[in-house]
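The values are calculated or read from the model by the stated rules, or taken from the named source; none is laboratory data. Computed from a predicted structure; not experimentally measured. Ligands, DNA and RNA are excluded from the accessible area calculation, which covers all protein heavy atoms including side chains. Shrake-Rupley method; radii C 1.70, N 1.55, O 1.52, S 1.80 Å.
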Amino acid sequence: MLCAAGAVAVFSSAPVQAGPRLDSIMQAKVLRVGTPGDYRPFAMKADGKYAGHDIDVIEAMAKEMGVKVQYVDTTWPKLMSDLQENKFDVAVGGITRNVARISKVQMLPGYAPFGKVALVRAADKDKFTTPEALNQASVRVIKNPGGTNEAYVLQNMQTAQIATHDKNAEIPALIAEGKGDVMITETYEALHYSKADPRLHAAYLDKPLTPVNQLGFMLPADDADYSRVMQFTWDVLALRGVLQQESQKWLK
């Protein structure tokens, strides 16, 4: 009996240690956040500062954890490899949840249901009423490399004229100026740019080009303790209504 009690005492007094990533974050009091910073209204970098839905949410999560955010520049083609190479602790900025990503990393709960749509000129909106209308030899498509939008274009628009532009945030203006006809994007980005520029039209909102999906924050799959804390922090913000407030602010 004494031995059993002693064992319990020893077990109870043993220090509780977090996983290596969580330890590093909490000791440094810094959460490294990677984002391409070019996808409105989720994350946009301008004049060295970041703004958007995902920026507000990750800042609120960091505050709840008692740490500060350190932003790390990345690109869509390098987003996955940079995360896996430990260049940052979480990736945000309008990242689609899908099997390819979730098989390699962790992702927080989905938010912002969306489908793939097309951003076109308002003057041309009657030309693009069916998916087949996009895949024509006369249609000029401008895509950003590295993400699911590019994957959709390459898979479904092989007959169209396809050009690549590295800066996603510049493509809507190229469409508006007539330097291209179509940009494939998601519901929220198309809505944002069509509201901001009357020359643009968000096509296929009622019947998206793809089944409905959600966005999510991406975490490395190397520390179960870290993933659990991030999930808990997300749940706390949901319980307090913070996630709903940010959705109302940025996505409505």
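Over 17 Å, how big is the tail of the calculated P(r) for region 116-203, in percent of all Cα pairs? Tail fraction, whole percent: 37.
Computing Cα Rg over 2.2 N^0.38 Å directly from the structure and comparing it against [x] 1.19; [y] 0.94; [z] 1.26 singles out [x]. Across the cross-link table entries LYS49/LYS125; LYS87/LYS167; LYS68/LYS252; LYS87/LYS127, which are compared at the Cα atoms, the separations over 32 Å belong to LYS49/LYS125; LYS87/LYS127.
Near the amide H of GLU186, within less than 5 Å, lie the amide hydrogens of VAL117, all on another chain or at least 5 residues away, with H placed in the peptide plane. Span-like helix criteria (full DSSP H runs; alpha carbon extent of at least 15 Å along the helix axis; mean Kyte-Doolittle hydropathy of at least 0.5) are satisfied in the chain by 2-13. Put the Cα centre of region 229-252 next to the Cα centre of region 78-120 and the gap is 18 Å. Counting heavy atoms of the protein chains alone, THR130 has an accessible area of about 60 Å² for a 1.4 Å probe.
Only helical DSSP H runs with n ≥ 4 go in: add -39500 (n - 2.57) per run for the chain, normalise by residue count and round the 222 nm mean residue ellipticity to 500 deg cm²/dmol.
Details: 11 runs with 98 residues, N = 252.
Dividing the helical sum by the residues of the chain leaves -11000 deg cm²/dmol.
Amide H to amide H, with H built 1.01 Å from N, ALA221 comes under 5 Å of GLN106, counting only residues 5 or more places away or on other chains.
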